[in-house]
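See structure below.
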Amino acid sequence: MTGTLLAHALLDKGKTIQIFDNNHKGSSSAIAAGIINPVTGRRVVKSWLIDELIPFAKKTYQDLEVKLNEQIFYERNVVRVLFSVKDENHWLEKTGDETVAKYVKENDDLGSFKGKITEGVGLGELESSAQVDMPLILEKSKSYFLNKKIINTEVFDYESVRFENDLVFYQNYKAKKIIFCEGQQGQKNPWFGKLPFEVAKGEVLLVKIPNANFDKILKHKLFIVPLKDDIYWIGSTYDWDNKDDLPTEEKKALLIKKLDEILTIPYEVIDHRAAIRPTIYDRRPLVGFHPVNTLLGIVNGMGTKGASLAPYFVDEFVKLLLENKSVNQEADISRFDLTV
Ligand SMILES: Cc1cc2nc3c(=O)[nH]c(=O)nc-3n(C[C@H](O)[C@H](O)[C@H](O)COP(=O)(O)OP(=O)(O)OC[C@H]3O[C@@H](n4cnc5c(N)ncnc54)[C@H](O)[C@@H]3O)c2cc1C
């Protein structure tokens, strides 16, 4: 999705582009829930830069909705089940902590979840959270780009790239820059592959829960995220060792076991998918140009938070490219030495 957002942003600036994207089936964006979560973890910690990221993401997706004529951004609270008195007290404490109070709210009403899930000791609710339909953005944008004849769906072949007189040549194309937004496959990139990727495989289930009518996102032992027509996204797992993007029976069984512990109403598994999150060892994005070959740029490393990070850091990259504005230091690839 990073490359898709970059393509839209550059087109909006009147730039001529050519996209190469083979829509790899294990691409992270194709299976993500697209949750934008302002605070995370048991300690209820505010996500990095989130006060800036959420309004920026909302504006980007709402503009894209107009362009693609589809709803892709949903403001949706997260109902969080708390499993101990300690967690409940901690949550209540956070409702009075001015750094996160605008996101964290007290809640004692299960709403549409009542009678359909197992309850914990207490409940909390998150505001300003949202859900972005990443697969729909990919699908609709692909049609948009195909219509404009600016997308090539073959695998990009690094070996065919040539550089001459400050220009890049590839097949019949001649360009001023190549920008790589390859997700975890960026590890194979001959110019940027040495960046410290620490990728995390994730597996999810899509299930049908007839007549559940869940209207919010549930954070229980797993996330339950409403999609359409009684279908829910259930996830996810984290595996830092397994580097392939194939679904496994082991993780499927684990997801089903946890889901059985959550739901008290019947459901049916309709799909099981896996992908690799493009996580970087310091958990920050990768934005910038190659220090030696400045014709090559990168926007990657969205890790577990592409829905909130990608709009903002695509914009940072566009400002670097077109206005030579510097990038947030924590995301700038110059924090790593690519010359060794
Ligand atoms: C299980 C799971 C759940 C997630 N849930 C969330 C969530 O709720 N919220 C959130 O914000 N994030 C979530 N994420 C993370 C999110 O998916 C990523 O941060 C984001 O999608 C990364 O997008 P990307 O475009 O950078 O990479 P990708 O989605 O991997 O896209 C890379 C693209 O580059 C193409 N490509 C790569 N190399 C080549 C080549 N040589 N030739 C042609 N094309 C190429 C691929 O085909 C692909 O289309 C989740 C991830 C997983 C795995």
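For the range 95-115, taking the residues that are part of a loop (DSSP other than H, G, I, E, B) and open to solvent by 90 Å² or more (accessible area, probe 1.4 Å), the one that is farthest from SER129 (Cα to Cα) is identified as LYS114. In the range 85-126, which residue that is polar (S, T, N, Q) and modelled with pLDDT of 95 or more is farthest from GLU52 (Cα to Cα)? Checking each candidate, the answer is THR118. Quick check on my filter: what residues within the range 283-294 are of a type outside the set (Gly, Ala, Ser), more than 11 Å from the ligand (Cβ to nearest atom) and surrounded by 12 or more Cβ atoms within 10 Å (Cβ to Cβ)? If the condition is that a residue be of a type outside the set (Gly, Ala, Ser), more than 11 Å from the ligand (Cβ to nearest atom) and surrounded by 12 or more Cβ atoms within 10 Å (Cβ to Cβ), then ARG283, ARG284, VAL287, PHE289, HIS290, PRO291, ASN293 are the ones that fit.
Of the residues making up the range 292-308, at least one is under 28 Å from VAL161 (Cα atoms), touching a Gly at 6+ places or on another chain (Cβ under 6 Å) and not acidic (Asp, Glu).
Residue count for the range 295-319 satisfying the condition of being open to solvent by less than 20 Å² (accessible area, probe 1.4 Å), part of a loop (DSSP other than H, G, I, E, B) and polar (S, T, N, Q): 0. Residue by residue through the range 1-41, note down the ones that are farther than 30 Å from GLU127 by Cα and under 14 Å from the mean Cα position of the chain (by Cα). Selection gives GLY26 alone. For GLY41, the criteria (1) modelled with pLDDT of 95 or more; (2) farther than 23 Å from ASP271 by Cβ hold in every case but one, which is (1). Number of residues in the range 65-79 that are in a helix (DSSP H, G or I) and either basic (Lys, Arg) or within 16 Å of the chain's Cα centre (by Cα) (or both): the value is 1. Given the structure, is LEU322 away from the ligand (no atom under 11 Å from the Cβ), assigned to a helix (DSSP H, G or I), hydrophobic (A, V, I, L, M, F, W, C) and over 24 Å from PHE214 (Cα atoms)? Yes; evaluated as a whole, the condition is true for this residue. Restricting attention to the range 300-312, does a residue exist that is aromatic (Phe, Trp, Tyr), touching a residue at least 60 places away in the same chain (Cβ under 8 Å) and under 23 Å from LYS59 (Cα atoms)? The answer is yes; a qualifying residue exists.
Restricting the range 181-190 to residues that are part of a loop (DSSP other than H, G, I, E, B) and not charged (D, E, K, R) leaves a set whose member that is farthest from VAL318 (Cα to Cα) is PRO190. Residue pairs whose Cβ atoms lie under 8 Å apart, separated by 6 or more positions or on different chains, with the first residue in the range 92-111 and free of Cβ contacts under 8 Å to residues at least 40 places away in the same chain and of a type in the set (Ser, Thr, Tyr) and the second open to solvent by 80 Å² or more (accessible area, probe 1.4 Å) and outside any loop (DSSP other than H, G, I, E, B), are THR95/GLU106. For LEU206, are the conditions met, namely being on the phi < 0 side of the Ramachandran plot, open to solvent by less than 20 Å² (accessible area, probe 1.4 Å) and not polar (S, T, N, Q)? The answer is no for LEU206. Where residues in the range 5-47 are in a strand (DSSP E or B), more than 8 Å from the ligand (Cβ to nearest atom) and hydrophobic (A, V, I, L, M, F, W, C), which of them is least open to solvent (accessible area, probe 1.4 Å)? That would be VAL39. Checking the range 75-82 against the condition returns a match, with at least one residue being closer than 30 Å to LEU286 by Cα, more than 12 Å from the ligand (Cβ to nearest atom), modelled with pLDDT of 95 or more and surrounded by 15 or more Cβ atoms within 10 Å (Cβ to Cβ).
Is there a residue being small (Gly, Ala, Ser), closer than 28 Å to ALA7 by Cα and modelled with pLDDT of 95 or more anywhere in the range 226-242? No, there is no match, as no residue in the range 226-242 is small (Gly, Ala, Ser), closer than 28 Å to ALA7 by Cα and modelled with pLDDT of 95 or more.
Of the strands (runs of 3 or more DSSP E) lying entirely inside the range 133-180, those containing at least 1 residues that are among the β-branched types (Val, Ile, Thr), more than 10 Å from the ligand (Cβ to nearest atom) and in contact (Cβ under 8 Å) with a residue 12 or more places away in the chain span 167-170, 178-180.
The values are calculated or read from the model by the stated rules, or taken from the named source; none is laboratory data. Predicted model, so just to flag it, every value in this text is computed and none were measured. Positions of Cβ are generated from backbone atoms using ideal geometry, with glycine treated the same way; all protein chains shown enter the neighbour counts. The protein model used for the area step is the full one, side chains on, heavy atoms only, and it has no ligands, DNA or RNA in it. Shrake-Rupley method; radii C 1.70, N 1.55, O 1.52, S 1.80 Å.
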